[in-house]
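Below is one structure; the comments refer to it alone.
The values are calculated or read from the model by the stated rules, or taken from the named source; none is laboratory data. A quick note: this is a predicted structure, and the numbers were derived from the prediction, not measured. Note that each Cβ is placed from the backbone with ideal geometry, even for glycine, and that neighbours are counted across all protein chains shown. Note: accessible area is taken over every heavy atom of the protein model, side chains too, but ligands, DNA and RNA are not part of it. Shrake-Rupley method; radii C 1.70, N 1.55, O 1.52, S 1.80 Å.
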Amino acid sequence: QVRLVESGGGLVQTGDSIRLSCAASGRTFITSAVGWFRQAPGKEREFVSAVSSNGGDTNYADSVKGRFTISRDNANKMVYLQMDDLKPDDTGVYYCAASNLKIPTSRRVHYVYWGQGTQVTAST
């Protein structure tokens, strides 16, 4: 089992940067890919980014490529999402999730454990 706790969200201006953190517990964390998803009001939860279990491979949604960077620190059981050049469309609750795969899949069905989410609001 894996427990995930997100932090780092907040209110920022368009064009600003923010870094989200995901703290994990549980022995299976280091064998799991970890992803970030987000959900805006009235919309479905969507894939943002994922990193493989060993941190060597990453995957990004087209809407965030070149602006967001995912990374992980297995020694400290942490995953990060650096978000640069934020836009109003990036607003939403961001969730960290651990997969039953080692590869950084974008498919939500493979994400078994979820955090409680952290709110990010990018205002104009």
field: First in the range 13-33 and on the phi < 0 side of the Ramachandran plot, second anywhere and acidic (Asp, Glu) and open to solvent by 60 Å² or more (accessible area, probe 1.4 Å), Cβ under 8 Å, 6 or more apart
entry: 17/85
- request: May I ask you to list the residues in the range 74-122 that are open to solvent by 10 Å² or more (accessible area, probe 1.4 Å) and of a type in the set (D, E, K, R)?
  value: 77, 84, 85, 87, 89, 102, 107, 108
- request: Considering every residue within the range 6-27, establish whether at least one is within 10 Å of the chain's Cα centre (by Cα) and β-branched (Val, Ile, Thr).
  value: no
field: Tally of residues being assigned to a strand (DSSP E or B) and open to solvent by 10 Å² or more (accessible area, probe 1.4 Å) across the range 17-52
entry: 10
message: When you check residue 65 against the structure, is it touching a residue at least 24 places away in the same chain (Cβ under 8 Å), out of contact with any strand residue (DSSP E or B) (no Cβ under 6 Å at 6 or more places or on another chain) and either of a type in the set (A, V, I, L, M, F, W, C) or part of a loop (DSSP other than H, G, I, E, B) (or both), yes or no?
response: no
field: Selection status of residue 56, touching a residue at least 60 places away in the same chain (Cβ under 8 Å) and either part of a loop (DSSP other than H, G, I, E, B) or open to solvent by 70 Å² or more (accessible area, probe 1.4 Å) (or both)
entry: no
